[in-house]
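The values are calculated or read from the model by the stated rules, or taken from the named source; none is laboratory data. Predicted, not measured: the structure shown is a model, and the values here were computed from it. Note: ideal-geometry Cβ built from the backbone for every residue, glycine included; neighbour counts use all protein chains shown.
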Amino acid sequence: MSLLERYKKPGGFNQLLTLLETCGSAKKEKFLKMISEENLDWFNALKTRILSLDIILNWPQEYITELTSRAQPITIAAIAKGPLNENQIKKLTHGLSHGQLAKIREISENKNFTTNEINSSVEKFLGEVRTHIAHGVIKLEKFAPELAVSSEIEEQLAKKGTTSNSTEKNSFPSESEMAPSTNDPSSFSPTQNSRSGEDRSSGSPSALSSLNSTTQFVVSDDVTQIKKVNQQLAHEIQILKQENRILKDKLEKIRKIA
């Protein structure tokens with residue numbers, strides 16, 4: 001099965017977009033390379049809509065504050081320890097309540113975040129942003145229409161039907177391409193042993209075994225990232241339920257006063 005096949009369904013584009021936004025930078029580039037070789041229309045549509053922390057911190061302040069106020073203080077504290085300039089840190093914390101700012105300062109003063117923790121916090125935040133967009137909390141059409149995703153985008157891309165010249169190639173990368181980067185703390189540590197060029201020769205049992213192992217590895221990574229997104233969605237649902245209970249309590253008090 002090709003990489004894109006499982007996403008060519010309603011909502012699949014956003015799922016793949018979230019996957020690309022919440023995996024490590026090295027893995028994101030490898031996935032994009034695979035997609036570009038399989039279908040240029042999907043590649044171009046995804047590439048131009050992938051969110052990053054830099055992109056979000058260039059949005060109008062009101063939208064940034066809307067997002068950061070919904071994030072956990074430890075997430076914001078970790079992100080602030082990353083490679084941000086002074087202006088970006090101000091945007092990240094601008095408009096937060098005194099209680100939130102105090103909590104962020106407390107965490108920052110008492111915890112030394114590792115590079116991996118910072119990267120994970122950024123990925124978590126990006127996943128939460130995508131969730132807020134899906135729920136209509138943030139409407140990209142108002143200030144960044146080029147990033148908005150049509151509800152019919154899968155159908156629109158299917159009508160284009162443009163594929164690259166390399167669609168006959170295997171959609172999954174070789175084991176050497178999927179080898180983790182030593183500079184990427186969120187990269188994988190695949191367990192497959194390296195194989196010689198002779199083992200990869202076409203039609204040999206070793207080549208077939210290598211292809212199967214690589215395919216299983218990529219699918220496993222995909223499932224892991226989807227589980228991460230599902231966990232973020234579950235967390236967001238819990239927050240919304242809590243907010244709903246608070247609003248109901250306030251409404252009940254108002255009714256009693258009236």
Taking the stated definitions as given, is Leu126 surrounded by 13 or more Cβ atoms within 10 Å (Cβ to Cβ) and over 21 Å from Thr18 (Cβ atoms)? no
Out of the residues in segment 97-120 meeting the condition of being within 24 Å of the chain's Cα centre (by Cα) and of a type in the set (A, V, I, L, M), tell me which one is surrounded by the most Cβ atoms within 10 Å (Cβ to Cβ). Ile104
When every residue in segment 84-118 that is among the small types (Gly, Ala, Ser) and touching a residue at least 24 places away in the same chain (Cβ under 8 Å) is compared, the one farthest from Ile64 (Cα to Cα) is Ser108
Check segment 95-103 and report whether any residue there is within 22 Å of Ser25 (Cα to Cα), at pLDDT 95 or above and part of a helix (DSSP H, G or I). no
Looking only at segment 138-149, decide whether some residue is outside any helix (DSSP H, G or I), more than 19 Å from the chain's Cα centre (by Cα) and not acidic (Asp, Glu). no
Return the pair list, or none, for Cβ contacts closer than 8 Å from residues in segment 137-161 that are at positive phi to residues that are surrounded by 13 or more Cβ atoms within 10 Å (Cβ to Cβ) and assigned to a helix (DSSP H, G or I), at least 6 apart or on different chains. Gly161/Asp41
Residue count, segment 22-33 (criterion: more than 16 Å from the chain's Cα centre (by Cα) and buried (at least 20 other Cβ atoms within 10 Å of the Cβ)): 0
Residues in segment 35-42: is at least one buried (at least 20 other Cβ atoms within 10 Å of the Cβ), among the aliphatic types (A, V, I, L, M) and farther than 13 Å from Arg130 by Cβ? yes
Among the candidates Ser52, Ser69, which residue alone is modelled with pLDDT of 95 or more, closer than 30 Å to Arg6 by Cα and loosely packed, with under 15 Cβ neighbours inside 10 Å? Ser52
From the list Leu19, Leu46, which residue is surrounded by 20 or more Cβ atoms within 10 Å (Cβ to Cβ), closer than 17 Å to Glu155 by Cα and aliphatic (A, V, I, L, M)? Leu46
